[in-house]
1. Hey, what angle do you get for helix 87-101 against the long axis of the chain, alpha-carbon based, 0 to 90 degrees rounded to 10?
2. Enumerate the whole-percent occupancy of each 5 Å bin, from 0 to the last occupied one, for all C-alpha pair distances of region 260-316.
3. Which whole number in µm²/s is D for the chain by Stokes-Einstein, with the Kirkwood Rh taken over Cα pairs at 37 °C and 0.692 mPa s?
4. Can you give the FRET efficiency for residue 139 and residue 301, using 1/(1 + (r/R0)^6), R0 = 45 Å, r = Cβ-Cβ distance, to the nearest 0.05?
5. If one takes the longest principal axis of the Cα atoms in the chain, at what angle in degrees, from 0 to 90 and to the nearest 10, does the Cα axis of helix 184-197 lie?
6. Can you give the FRET efficiency to the nearest 0.05 for residue 316 and residue 98, using r as the Cβ-Cβ distance and R₀ = 25 Å?
7. Restricting to the chain, compute how many DSSP beta bridges are antiparallel as a %, nearest 5.
8. May I have the pair-distance distribution P(r) for region 338-417, computed from all Cα-Cα distances with 5 Å bins from 0 and rounded to whole percent?
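The values are calculated or read from the model by the stated rules, or taken from the named source; none is laboratory data. All values reported here derive from a predicted model rather than from experimental measurement. Glycine also receives a Cβ, built like all others from the backbone with ideal geometry; neighbour counts cover every protein chain displayed. With ligands, DNA and RNA removed, areas are computed over all heavy atoms of the protein, side chains included. Shrake-Rupley method; radii C 1.70, N 1.55, O 1.52, S 1.80 Å.
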Amino acid sequence: MKKYSAFSLFKHGLNHHQDWQRVWRNPTPKKHYDIIIVGGGGHGLATAYYLAKEFGITNVAVIEKGYLGGGNTARNTTIVRSNYLWDESSHLYEHSLKLWESLSQELNYNVMFSQRGVLNLGHTLQDMRDIQRRVNANRLNGIDGEILDPQQIKEIVPYMDCSANRRYPVLGASWQPRGGVARHDAVAWGFARGASELGVDLIQQCQVTGFEIKNGMVTGVKTDSYGLISAAKVGCVVAGNSGVVASMAGLRLPIESHPLQAFVSEPIKPILDTVVMSNHVHGYISQSDKGDLVIGSGIDHYNGYGQRGSYPIIEHAVAAILELFPNFSRVRMNRQWGGIVDTCPDACPIISKTPIKNLYFNCGWGTGGFKATPGSGHVFAASLAKDEMHELAKPFSLDRFYHGSLIDEHGAAGVAH
């Protein structure tokens, strides 16, 4: 079989992960790296890219147990927004949204970012009070946001039932025009190609099985394919497996892992050109460029690592969507899946040093992971490069769980966690 050079498959029109697996051959790992990134999803690849691009650190390896972008990056509902309530969250997600707005040009790769706007619906008086609070907080932080009444919502989404006789009538909504959706696998491939072209080693089908730790300092990772690979620093960005990986270093993180459910319909003609989210009935929906209705649901009520659908949760989501869009009742479901999300007690991420010197973790994003991809990678890269946490990352340190400075986006971010 012909061995193509890194990412030359794009020139040959091969862009599906199975084609990538068939063509790609891992580089032979070096004996020592300046930085190893454990986890080849969107956040890990973005971290590697920005380390090379912004900080000139190219002696970097990304180690992925499966294929690049094949974990939670491939299992989400692709929504991008920054209208979070608390200052710490809104600054971080707005930083990410600004990077999204120029990401296709930055990577010279179309990530299909579509700023079609995001609606967060209100169905009760308390919902509307929360929406007013959040929109005002967003404006104070320089983030776009408006409060819409049912008639204005109807003009944006004419097929949504905004009548007053529904069980959960739509009383209003927050509206972030700059929000939207992007292509989930495209952002992973764009960052991967960019990192590879800058000299980063991308090592797939290689599982980290442990850490080499000497005198309280990490000195490398143990792998099933190449044995010990040494490094000066290690950054772990492994989404739903963060607790498992942390335990290999003798750490216990304050997170739980749950399957987060989602599904798509059969392709239909264009009918929905924005993103609609409802915390109260708990469903969120958009339409992809292929025509699928992309529908997000909730997490399974048990800890687990199964990347598969769960019918009780999906059934609840279907009921929620049909409450808003009765005309979707005859649309067939195409496929379903579960992404494994780490959730912290305050529904906010961990971007932090650990008690083990030179070992860093980036995890706990819950439902906010995809939208944070470029921002998370950028601030994590800066933290690794300078050995000092980026200003936007400092509020999300592990220390907050010891001194009680929790951020707590539960319910405040416009969608139930």
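1. Computed tilt is about 80 degrees.
2. 4, 18, 25, 22, 17, 9, 3, 1
3. 151 µm²/s
4. FRET efficiency, residue 139 to residue 301: 0.80.
5. 30 degrees
6. Working: r = 35 Å, r/R0 = 1.39.
For R0 = 25 Å, the calculated efficiency reads 0.10.
7. 70 percent
8. 3, 15, 25, 25, 19, 9, 3, 0
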